[in-house]
Ligand SMILES: CC(C)(COP(=O)(O)OP(=O)(O)OC[C@H]1O[C@@H](n2cnc3c(N)ncnc32)[C@H](O)[C@@H]1OP(=O)(O)O)[C@@H](O)C(=O)NCCC(=O)NCCS
């Protein structure tokens with residue numbers, strides 16, 4: 001079935017359809033024969049395993065979702081082992097809210113189908129098994145977040161950015177953080193390699209554990225990806241918004257994390273509500289609206305912690321939150337490696 005027609009049929013918006021159209025069209029996808037053991041490997045809990053098995057796409061019964069899952073899986077295969085290019089990576093958008101259970105799990109089936117290839121790549125690169133397991137546990141993690149945020153099983157009502165990168169071998173969870181292999185481009189081919197630093201929702205952001213994770217990542221990438229010498233760690237997140245210092249104590253983990261990065265100047269965002277939504281959804285795990293965060297949305301944010309109160313107070317005063325970018329260089333005096341030739 002034609003991809004665009006499939007996307008239209010299941011109710012993607014014009015923007016969603018545009019995104020689906022750029023996926024590689026594939027005839028079909030090889031879904032795993034032993035999905036239960038793979039789901040278990042990916043940290044998917046019993047309830048979600050059952051829900052996902054019941055929502056396995058079938059080419060005859062769900063031709064539209066079958067076409068979309070095949071294309072999503074095709075994009076993971078096409079980009080296998082590729083770092084994120086300097087132009088960035090557009091994550092997988094949410095599916096229409098009235099999607100069937102098969103639609104809610106479409107992204108999860110595409111990710112799972114890529115697991116055997118990913119394990120093979122990690123094995124060849126010498127990535128420790130503990131890192132592989134932690135990396136793919138993002139699948140179980142996102143299902144847990146989905147139940148919490150959307151109140152139903154699946155992955156479809158959360159935009160997926162990290163999981164597709166993990167299942168194509170670009171992002172790895174190493175201790176407290178995950179790290180994305182990213183090319184630095186300055187208009188004339190690849191100018192260098194950086195690691196994007198992420199903070200998965202797996203507990204407090206303790207500074208010691210965070211530093212251990214960064215040090216371990218530096219060692220692992222030097223060993224496993226020697227052709228991509230890492231020049232710096234870059235984090236882009238609501239966590240680096242300096243406005244948080246107006247609300248959080250100096251010794252909070254978030255402000256201590258901020259102090260370990262050099263903040264880049266702010267860049268105006270096209271839609272000032274974007275970063276409010278991102279902090280609401282990613283930071284606070286509260287369902288965020290499509291448009292501006294309105295008074296009724298703020299009323300849904302629990303007010304138990306300093307951060308929750310800060311989020312609401314700040315927006316009620318008419319201001320916005322901002323995702324910011326921070327940088328820290330890796331051993332600036334490290335010896336240069338022979339450069340790869342560029343055309
Ligand atoms: C990043 C994160 C681990 C920080 O948590 P932390 O280590 O507890 O942070 P701090 O010590 O700085 O917390 C300061 C205050 O904010 C509260 N807080 C922090 N994260 C919170 C969250 N996700 N939800 C509600 N309150 C939170 C803390 O409880 C504390 O308030 P309190 O003293 O009233 O209890 C946590 O926010 C989280 O898991 N977020 C989700 C993942 C995320 O957003 N990652 C970044 C993606 S770009």
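Sort out which residues of segment 288-309 are more than 11 Å from the ligand (Cβ to nearest atom), in a loop (DSSP other than H, G, I, E, B) and farther than 16 Å from residue 237 by Cβ, and write them in order of number. Let's see the steps before the verdict.
Of all residues in segment 288-309, those more than 11 Å from the ligand (Cβ to nearest atom) come to 288-300.
The next check asks that each one be in a loop (DSSP other than H, G, I, E, B); those that pass are 288-294, 299-300.
Result: 289, 290, 291, 292, 293, 294, 299, 300.
Search segment 297-309 for residues that are touching a residue at least 60 places away in the same chain (Cβ under 8 Å) and pair each with any residue that is in a loop (DSSP other than H, G, I, E, B) and loosely packed, with under 13 Cβ neighbours inside 10 Å when their beta-carbon atoms are under 8 Å apart and the residues are at least 6 apart or on different chains.
Qualifying pairs under 8 Å: 309/303.
Cβ-Cβ distance below 8 Å, separation of 6 or more or different chains: which pairs start in segment 188-204 with a residue that is within 30 Å of residue 143 (Cβ to Cβ) and end on one that is in a strand (DSSP E or B) and within 7 Å of the ligand (Cβ to nearest atom)?
Taking only residues 6 or more apart or on different chains, the pairs are 198/237; 199/237.
Hey, among 274, 278, which residue is within 14 Å of the ligand (Cβ to nearest atom), in a helix (DSSP H, G or I), in contact with a helix residue (DSSP H, G or I) (Cβ under 7 Å, 6 or more places away or on another chain) and at pLDDT below 95? Quick ask: steps written out before the conclusion?
Working: 274 fails: in contact with a helix residue (DSSP H, G or I) (Cβ under 7 Å, 6 or more places away or on another chain).
The conditions single out 278.
List every residue pair whose Cβ atoms sit under 8 Å apart, with the two residues 6 or more apart in sequence or on different chains, where the first one lies in segment 34-54 and is without any contact (Cβ under 8 Å) to a residue 12 or more places away in the chain and the second, anywhere, is surrounded by 14 or more Cβ atoms within 10 Å (Cβ to Cβ).
Correct list of pairs: 40/49.
Do the conditions hold for residue 239, that is, is it without any contact (Cβ under 8 Å) to a residue 12 or more places away in the chain and within 9 Å of the ligand (Cβ to nearest atom)? It would help to see each step written out before you state the result.
Details: without any contact (Cβ under 8 Å) to a residue 12 or more places away in the chain: no; within 9 Å of the ligand (Cβ to nearest atom): yes.
For residue 239, the condition - without any contact (Cβ under 8 Å) to a residue 12 or more places away in the chain and within 9 Å of the ligand (Cβ to nearest atom) - is not met.
Filter segment 220-243 down to residues that are in contact with a strand residue (DSSP E or B) (Cβ under 7 Å, 6 or more places away or on another chain) and part of a loop (DSSP other than H, G, I, E, B) and give me whichever is surrounded by the fewest Cβ atoms within 10 Å (Cβ to Cβ).
The qualifying residue surrounded by the fewest Cβ atoms within 10 Å (Cβ to Cβ) is 229.
Does residue 165 fit the bill of being under 18 Å from residue 90 (Cα atoms), touching a strand residue (DSSP E or B) at 6+ places or on another chain (Cβ under 7 Å) and away from the ligand (no atom under 13 Å from the Cβ)? Working first, answer last.
Numbers: under 18 Å from residue 90 (Cα atoms): yes; touching a strand residue (DSSP E or B) at 6+ places or on another chain (Cβ under 7 Å): yes; away from the ligand (no atom under 13 Å from the Cβ): yes.
Taking the combined requirement at face value, the residue satisfies it.
In segment 9-23, which residue that is assigned to a helix (DSSP H, G or I) and closer than 13 Å to residue 65 by Cβ is nearest to the chain's Cα centre (by Cα)? Spell out how you get there, then give the answer.
If we filter segment 9-23 for residues that are assigned to a helix (DSSP H, G or I), which is where we start, we get 9, 14-21.
With the extra rule that they be closer than 13 Å to residue 65 by Cβ, the set shrinks to 9, 20.
Working: 9: 27, 20: 18 Å.
By that ranking, first place goes to 20.
Kindly list, by first and then second residue, each pair from a residue in segment 255-268 that is within 10 Å of residue 235 (Cβ to Cβ) and within 15 Å of the ligand (Cβ to nearest atom) to a residue that is in a loop (DSSP other than H, G, I, E, B) and at pLDDT 95 or above, limited to pairs with Cβ atoms under 7 Å and residues at least 6 apart or on different chains.
257/205
For residues in segment 190-201 being farther than 18 Å from residue 169 by Cβ and surrounded by fewer than 17 Cβ atoms within 10 Å (Cβ to Cβ), which is nearest to the ligand (Cβ to nearest atom)?
201
Tell me, which residue of segment 207-217 that is crowded, with 17+ Cβ neighbours inside 10 Å and away from the ligand (no atom under 14 Å from the Cβ) is farthest from residue 278 (Cα to Cα)?
First pass over segment 207-217, keeping only residues crowded, with 17+ Cβ neighbours inside 10 Å: 210, 213-214, 216-217.
With the extra rule that they be away from the ligand (no atom under 14 Å from the Cβ), the set shrinks to 214, 216-217.
Numbers: 214: 24, 216: 28, 217: 26 Å.
Among those residues, the one meeting the criterion is 216.
Here are the criteria: (1) loosely packed, with under 13 Cβ neighbours inside 10 Å; (2) farther than 20 Å from residue 132 by Cβ; (3) more than 15 Å from the ligand (Cβ to nearest atom). Tell me which single one residue 204 does not satisfy.
The number of the failed condition is (3).
Listed here are the residues, each with its yes/no results for (1) more than 13 Å from the ligand (Cβ to nearest atom); (2) more than 30 Å from residue 157 (Cα to Cα); (3) modelled with pLDDT of 95 or more; (4) under 22 Å from the mean Cα position of the chain (by Cα).
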position	(1), (2), (3), (4)
250	no, yes, yes, no
286	no, no, no, yes
326	no, no, yes, yes
341	yes, yes, no, no
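Confirm whether residue 57 is at pLDDT 95 or above and within 17 Å of residue 110 (Cβ to Cβ).
Against the criterion (at pLDDT 95 or above and within 17 Å of residue 110 (Cβ to Cβ)), residue 57 qualifies.
The values are calculated or read from the model by the stated rules, or taken from the named source; none is laboratory data. Nothing here was measured: the structure is a model prediction, and the numbers come from that model. Using ideal geometry, Cβ is built from the backbone for each residue, glycine included, and neighbour counts are taken over all protein chains shown.
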